Every structure is written in structure tokens, then in C-alpha cells.
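Below is one structure, written out as C-alpha cells, with a few remarks after it.
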Amino acid sequence: AMPKELESVGMDPGRGGLPPRTPQDADEFLENVDEVNALIDGLRSGKISAEYVDRKIKERDAESTQLEEERKKEAEEAERRKYENLSPEEQKKIKAKVDEMIAEKERRERARKAFHEYRAKMPEEKRRATDYDAWDLWTPSDDEDDPWMKYTPENPAFKAMEADIDRRHAAQVRARQTAHRRREDGNAAFRAGQFAEALRCYELGLEADKRSLELHGNAAMAALKCEMFVQCIDHASKACELAEFLLERPDHPTAIKCLQRRAAARLKLSHYKDALNDLSLAHQRDPSNGEIESQMKEANATYEEARKEKEVERGMRRAAQGIDGEVDGTDFHTLRELEKLCGEIGSDACDYARLEALVEVSEQCRVFLRSGRGLHLLRLSRELELDGAHNLTGPLRVLRAACLNEANRETLARNGTLKHAVGFIARARRSTEKATDREAVSAALFLLHTCSATADPRARIIEALASDVEPDGAIAGLFAMLETDLANDDAGAKLAAAHALSLLGNCAVDAKARMALAKAVGKDAPGKIARVLRCGTPVLAERAAALLGNMCADGRMRADFAANERGISELCALLPKNEKNERGTRAPSAASPAGMGAGLPGLGARDADGKSDASTDLSPVRDSELVLNVLAALANVSVDAAAAATIGGAGAASRLVRLLSASDPLVAARAATVLSRIARDPSTARRMCGPGGSNGDGVAATIAKFVVRRLASDARDGAIEPAVRTLAVLANGGDVAARLALAEHAAGALVECVRRWDVVGDGAAGNAALAIGDLAREGDLLPRLAALEPVAPLLQVCHKRTGAAQKNAAIACARLATHSGMLETLKANNGLELIYRYVQP
């Protein structure tokens, strides 16, 4: 074998035994081969000593090392010559790249320092644990301590580092671009409802840019949608840390959202206190965020319900041990009795009346039904699924009593009970002649009515109703039941009708429910409900008005009802004729049939022997709840021009204007809204601007006095804006005679409203300015307006307000400028420039 010393003889570094690439390389290779062969022959023959070979090898190694150093120096010299004549522009570009990288490193160093200080303040047990995620996020990368950090364009070495700087900067840009593309892909998947794919894209983007606040925030949302709560908490926590320590903006909008998402995930994991802490911190950093306040309210309610469950479970354990005591006012013996009764659910021995009585009066009993993953509620619900002759009134009444607790409503929505209740009503429709079936249907309606007051259960009920729009379905059955019950003088029938109206009214706030009503009943749906208005029972009229108001939020139903002049007139007739009636209080509630909960106003109850008590008298009561629902219905239907004309023709304006002085600001605001809509009808507008006759001031004059009175009291309620809007509609749409009459009563109120621009909102100030501009179109009114000195306050609105209010004020000034005195005022206050900005000459 050849000695290792001879294997490397004549082989230059980097070549080894590779075949020759050029003629010169070939010649050199052959020379080396010949020399190696000669050395081998000399060693074999003894003519050459081993020391000679060693010396030869060392000489060759020295020559190779020297040659390599010379080549390296030549390359460095070439690189320096390449960048020694950089232009100032090139130097600025390189310096900008270095500055960006240096700023990024300094920001990371500040973030690390702040994060380590934060860690130092943590409790000992948390600080002792190794946080590998924090290590990955906050420890420096291998490329952050490079020598270019100290170079400047004047430094010769800087020029030689330009290529490396370009490479590093380009790598950072590529990483950001990759992260952005992944984020866009994730957003597209999220919009398509592919939450798992969105999460995968966001996490791929984080591999390219692990410090992206937006990617962590989006990943937290996608993980929450996938019910991967631990991952949601992890991404949300990193986003909050990046916002606080890297961006030095703990109140960053994305960080606020991540606190909300982390709280939602922690609630799902039953980490209630941590969730509340997150929401409290989010509210502290964004106190004007109403969504956070709503989420805090829900989280507190969830935490309170969980606390109640634990207290009840603890009380049951102590009761089983024979210990006396109570849980929030309910003694252990009552809970033990409840437990025994729940064990008999489904059997003939179960005393549902006693079970309902316990659940009705005790919150702890309602919580107990939900304990054990809602086992007792589920057993009650299964009774609705059974087909047979057994009476469901008892289970339905117990379920309704249990739903006085909102968490129980959510439980019933999740386990399908509400869907079964809707199905039961549809099945029982044909057999409602039987008294037992009528009671059960009434109990089912009461249950659904109670649950429909909460958003998620209401959505489940609407889904069940919308899936059954056949002529013999649940919705058609409810309308048929209303007709039957209204013709029945029995208080129980009217009670069932009240629950049916309330259920439909609550559901009709949703467009899906309104569509289902239209499909199941047809165009006459509003007309059928309008017939309830003349039934003579105030509570039924009130709930029918509420249902009509929600139905008229749909354009087609609104048009159908607008064509029903009689129905609209009957709705207007429910408005109080005078202030005394409006301020009347609701009559005391009568006791309701056993097991049906609190009584409804105007509905009498029957005692044990079937005789009516004194409260059976169904006297008409005009209360604020009825008025609010009637006003809501009128506000929605008056969007239609034909309906607005019908309302005006029914003489509703005089009744509506009296409601402006109601003690309830919501009544006044809704009345003013209806007035502003019916004022668009020319005939109604003329009547509103005219005198009031023997009854006192006209409608417009009364509205003007109301505005002045509210401004004098610095009131900031919602009634001023629609009241001023009514005056603006009258000034804009009326004829010359109407404007002249309006100016006599309302010009002062309009100018006063503009003068108080700092009290009223943009809507009121802008509408007042618009009305003044319309009045100024009548030359005969200019002297009256000039006496009120409107120019100065209008210019204040121009300067202090923006948008439509500013533009309306400028237009009003332009029209007032046709009066010589007000023109001089405009010139003195540099108001002509504002006019030119908004008004074409």
C-alpha cells in the first residue's frame, strides 16, 4: 500500500484527485504524477530517503498555504476596490438598511429588558418554572451580535460589509413577505369558515416571523373558533407580550382583542377568575369599549352561576351527612326534598306541582336542576320526546320555572328541549279541544316565551319555527290558536294568547323569523295580528303592537300593513288621548292559574271552585308599556309614505305631540320620531303647522316649545334631535303658507338650538340649521329671522362642527346673506369664505 505521506504529494488544496479541467491543469497533473512515480521508485530502490520525502511534502504544504493566503488577500482587495467609490445615494441606502436593523435590535433589547423585569415580579412558583415559549420569543438570535452593528458609511470596513448587509436585510424582507402571504391565506380561509386551515396558515406565517402581533392575534381567534382553547390562550398571551414589551403599546387594538379572546377561552376552561382579570385589564386599557363591558357582564354571570353550583353541591354533601344548614336562603332539607322529587321524574308518582313550587321560589333549586351536567333538566326534556297519552303539563311547567335562571335557558337550548317544545305545539294543534292538551300547549308557550328573551335560546326557537312553515305547522298553529283564544272569554285562553304573542314578538326581531312568518301565514300576517288590537284586553293589545312593530321592520310586511288603513287607525287609537291617561299606572296583576307563574295585567284567574275573582274585570288600562310598543310599531310602519299619510289622517299628530311631555324620555323620543316621519306627508304637514284651535297650540308650536324647554334644562336625552328633525321636515316640505306659519312659532326655537350647539348633537344642530335655511327662502321671513340674530351661532357651527351640520350651517348663512344686515354680519365675521367653500356662486 502507498504511504499516506505520498498520497498528498503534488495535490493542491481544493483539487485532490479530481480530473484536469484545462490543458494547463492537465500538464500540471501529469507532472505531479510523474514526480510521485519517481519518488516511489526512488524509495523502492533506496536512492531516496524518507527524510527527503518528508521535506518535500512540507515544502509543498508551505507553498499551498502561501498561495491560499495570496488568493484571499486578492479577493479582499477586489471587494474593497469594488465599494471604495460608492455614491452618496448608495451610502444613504446602505445606512438606512443598517439603521433599520440597529433599531430593530435596540427595540428587541428593550423588550427583553422589560420582559425580564416583568418575570422578576412574578410569584416565585411561576418564576421557577422554565418558560420555553418565552425563551424562544425573547432570547437573541445568532445573527444579532454581528460586527456590522458598529459600522458607518465612513468606515472603510463598512464598504466591504455591504453585501452582507444586503443579504441580511433581504432575508428580513423575505421573512416579512412570507408572513404577510400566509396571513392573507389564513384570512381567506377564515372568511370561508375553514378555521383549522386558517390556524395552520397563521402558524406557518409565525415560523417566518415569530414576532408578528397580527399573526398571533389571528391565530388566537382561529384557535378559539376551533375550540382549541389552550392554543388560543398561548397565541393571545404572546400577542399581549409583544404589544407591551416589543411595541411598547399595551393598549394596541390587537392586544385588547387578544385579551378578550383569551378571556373567552379561559371561560370555556372554567378559569373564571383569570378570565375576569383579562377582561378587567382590557376594560382598563379601553374603557369606552362597550363590547368589553358586555363580555364582562356575561363572564360575571357565568362565574356567579358556577359559584352557585359549587355551593349547592357542597350543601347537598353536607345534607347527606345529616348536617343542618342552608345555601343562600334555601335550607338543606328543601334541597333533599327536591333531590327525591327529581328521582321520580317520569313516573306516575312524581309530584310535578310540588316540584314546580320549589323551583319557582328558590334560585338554588333551579341551580340544582342544572347540576350534574344538567341531568335533571335532561330527564324533564325527555318527557317531551315521548309519544303517548301522558300529560306533559307538569314537566313543561317545571321547565318553565327552571328557566327563570338564564343559564338553564342556555342549557335547554343546547340539549334540544326548545326544539321539542315547538314540535309538541305543532303535534298538539289538532287536539287542543281537550282541556289537558290546552293546558300543556299553554305551558309550552310559556316556556318558549320565557326562553325567547335570551339571544341563543331565541335563535334555537327561530330555527325550529323556520323549519316548519307548512299550513299545519307550528307557526300556522299559533295564528289559528290566537283566533280561537280571542273568541274565548276564558282567562286561561287569553293567557295562552298572550304567551303566543310574546313569543312571536320576541322572535320577530330576527329577519329569519319574519321570513318564516311570511311563508307560513302569507301577506295577511300583519292584518291578523292587527285584529288583536281591538280585542279589549290591554295586555294582548300591547303585545300585538310589539309584534307588529317588529314585523314591520321587514319591507314586505311593512307594505302589507301600510295598506291596512283600519289596522293603522286602530293602532293610533291605542295612543292616550291626554297626558293623564299616559301617566296612568298599570293595574295590579291578577293571580294566574296554578303553576303558570306571575299573572298578566287584565287577565283574571279562577279559584278552586271555578268562579272568577274580582280581578276578572278586563278594564282598559293605558300604561307606558303599551304606549312604547304602539309608538315602536308606528315608527316602523310610518317609514312607508302611505302609512305615514294614514297615521296623519287619523289625527295621531295631536296625540303624539302631547307625549313629548311624558316623564319617560323614551316615550318622548319615540313620539318625536313618529312625528318626524308623518310630517313628510304634505296634508299632515299643513295641519301640523296650523293653529291648534280651541284645544290650544298647534302641533308645530308645541314641538317648538318642547325644544326650548328641553334646551333650558340642558337635557341631553334622545328626544331633542327627532323633535328638531320634525321642524326641519316641516320647513323643507311645506308650502309657503306652512313655512310662514311655522316661522311664527318655531323660528326662535330653531335659532336657540343652533345657539346651543355645544349641548345638542350634530343631528340637532344640523337639522336646525337646515330648517333656518329653508325658512330663509321666503323673503318675507328675513326680517323676522334677522331680529333673532342667527348668523353668529351659525358661524360657530361652521367652525366647531363637521360633516352635514357644518354644510347646512354654511348654506343657511348663504341664504341669510340676501338680507343686507345679516350680510354685514357675515362680512364682519369672515363668514363669506365659509359660504364659498360649500355654495357654488
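The values are calculated or read from the model by the stated rules, or taken from the named source; none is laboratory data. From a predicted model like this one, the values you see are computed outputs, not experimental measurements. Virtual Cβ from ideal backbone geometry, glycine too; neighbours counted across all protein chains shown. We work out accessible area using only protein heavy atoms, side chains counted, and drop any ligands, DNA or RNA first. Shrake-Rupley method; radii C 1.70, N 1.55, O 1.52, S 1.80 Å.
Would you mind stating whether residue 373 is open to solvent by 40 Å² or more (accessible area, probe 1.4 Å) and modelled with pLDDT of 85 or more? Considered against the rule, which asks whether it is open to solvent by 40 Å² or more (accessible area, probe 1.4 Å) and modelled with pLDDT of 85 or more, residue 373 comes out as no.
For the criterion of being open to solvent by 10 Å² or more (accessible area, probe 1.4 Å) and part of a loop (DSSP other than H, G, I, E, B), residue 784 fails.
Residues in segment 767-781 that are of a type outside the set (D, E, K, R) and in a loop (DSSP other than H, G, I, E, B): 776 only. Here residue 776 qualifies as crowded, with 20+ Cβ neighbours inside 10 Å, of a type outside the set (Lys, Arg), closer than 23 Å to residue 735 by Cβ and in contact with a Ser or Thr (Cβ under 8 Å, 6 or more places away or on another chain). Answer with yes or no whether residue 339 is of a type in the set (D, E, K, R), modelled with pLDDT under 90, more than 35 Å from the chain's Cα centre (by Cα) and under 20 Å from residue 442 (Cβ atoms). So residue 339 does not fit the description; no. The number of residues in segment 561-576 being open to solvent by less than 50 Å² (accessible area, probe 1.4 Å) and either in contact with a strand residue (DSSP E or B) (Cβ under 6 Å, 6 or more places away or on another chain) or farther than 14 Å from residue 531 by Cβ (or both) comes to 4. Just wondering, is there one or more residues in segment 167-182 that are open to solvent by less than 40 Å² (accessible area, probe 1.4 Å), at pLDDT below 95 and either of a type in the set (Ser, Thr, Tyr) or farther than 22 Å from residue 95 by Cα (or both)? Within segment 167-182, one or more residues are open to solvent by less than 40 Å² (accessible area, probe 1.4 Å), at pLDDT below 95 and either of a type in the set (Ser, Thr, Tyr) or farther than 22 Å from residue 95 by Cα (or both).
Among all residues of segment 723-743, there is at least one that is in contact (Cβ under 8 Å) with a residue 12 or more places away in the chain, open to solvent by 50 Å² or more (accessible area, probe 1.4 Å), closer than 22 Å to residue 813 by Cα and in a loop (DSSP other than H, G, I, E, B).
Each residue in segment 507-521 was checked for being within 19 Å of residue 453 (Cα to Cα) and open to solvent by 50 Å² or more (accessible area, probe 1.4 Å), and 4 pass.
Per the conditions (1) touching a residue at least 12 places away in the same chain (Cβ under 8 Å); (2) over 29 Å from residue 698 (Cβ atoms); (3) not in a loop (DSSP other than H, G, I, E, B), the sole criterion not satisfied by residue 758 is (3). Give just the number: which of (1) open to solvent by 10 Å² or more (accessible area, probe 1.4 Å); (2) modelled with pLDDT under 90; (3) farther than 15 Å from residue 660 by Cβ does residue 718 not satisfy? With respect to (1) open to solvent by 10 Å² or more (accessible area, probe 1.4 Å); (2) modelled with pLDDT under 90; (3) farther than 15 Å from residue 660 by Cβ, residue 718 is out only on (3). Screening residue 818 on (1) part of a helix (DSSP H, G or I); (2) more than 20 Å from residue 766 (Cβ to Cβ); (3) among the β-branched types (Val, Ile, Thr) shows it passes everything except condition (1). Looking only at residues of segment 522-553 that are surrounded by fewer than 21 Cβ atoms within 10 Å (Cβ to Cβ) and out of contact with any Leu (no Cβ under 7 Å at 6 or more places or on another chain), we find that the one that is nearest to residue 474 (Cα to Cα) is 522. You will find that of 212, 270, 280, 237, the residue that is on the phi > 0 side of the Ramachandran plot and among the hydroxyl-bearing types (Ser, Thr, Tyr) is 270 and no other.
For every residue, the table says whether it meets (1) on the phi < 0 side of the Ramachandran plot; (2) touching a Ser or Thr at 6+ places or on another chain (Cβ under 7 Å).
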position: 482; (1), (2): yes, no
position: 507; (1), (2): yes, yes
position: 515; (1), (2): yes, no
position: 520; (1), (2): yes, no
position: 530; (1), (2): yes, no
position: 533; (1), (2): yes, no
position: 536; (1), (2): no, no
position: 540; (1), (2): yes, no
position: 549; (1), (2): yes, no
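Considering only residues that are open to solvent by 40 Å² or more (accessible area, probe 1.4 Å) and not in a helix (DSSP H, G or I), which ones fall in segment 251-288? Listed by number, the residues that qualify are 251, 269, 270, 271, 286, 287, 288.
Is it the case, given these coordinates, that residue 501 is surrounded by 19 or more Cβ atoms within 10 Å (Cβ to Cβ), modelled with pLDDT of 85 or more and closer than 21 Å to residue 401 by Cβ? Considered against the rule, which asks whether it is surrounded by 19 or more Cβ atoms within 10 Å (Cβ to Cβ), modelled with pLDDT of 85 or more and closer than 21 Å to residue 401 by Cβ, residue 501 comes out as no.
On inspection, residue 335 does not qualify as crowded, with 19+ Cβ neighbours inside 10 Å, out of contact with any Asp or Glu (no Cβ under 8 Å at 6 or more places or on another chain) and in contact (Cβ under 8 Å) with a residue 40 or more places away in the chain.
Taken as a whole, the structure leaves residue 797 outside the set of residues that are surrounded by 23 or more Cβ atoms within 10 Å (Cβ to Cβ) and outside any helix (DSSP H, G or I). The single residue among 248, 214, 203, 227 that is modelled with pLDDT under 95, open to solvent by 30 Å² or more (accessible area, probe 1.4 Å), over 25 Å from residue 300 (Cβ atoms) and part of a loop (DSSP other than H, G, I, E, B) turns out to be 248.
Name the single residue that is most open to solvent (accessible area, probe 1.4 Å) among those in segment 345-357 being of a type outside the set (A, V, I, L, M) and in contact with a helix residue (DSSP H, G or I) (Cβ under 9 Å, 6 or more places away or on another chain). So, considering only residues that are of a type outside the set (A, V, I, L, M) and in contact with a helix residue (DSSP H, G or I) (Cβ under 9 Å, 6 or more places away or on another chain), the one most open to solvent (accessible area, probe 1.4 Å) is 354.
Of all the numbered requirements in (1) over 18 Å from residue 630 (Cβ atoms); (2) of a type in the set (Asp, Glu); (3) touching an Asp or Glu at 6+ places or on another chain (Cβ under 9 Å), residue 510 misses one, and that requirement is (3).
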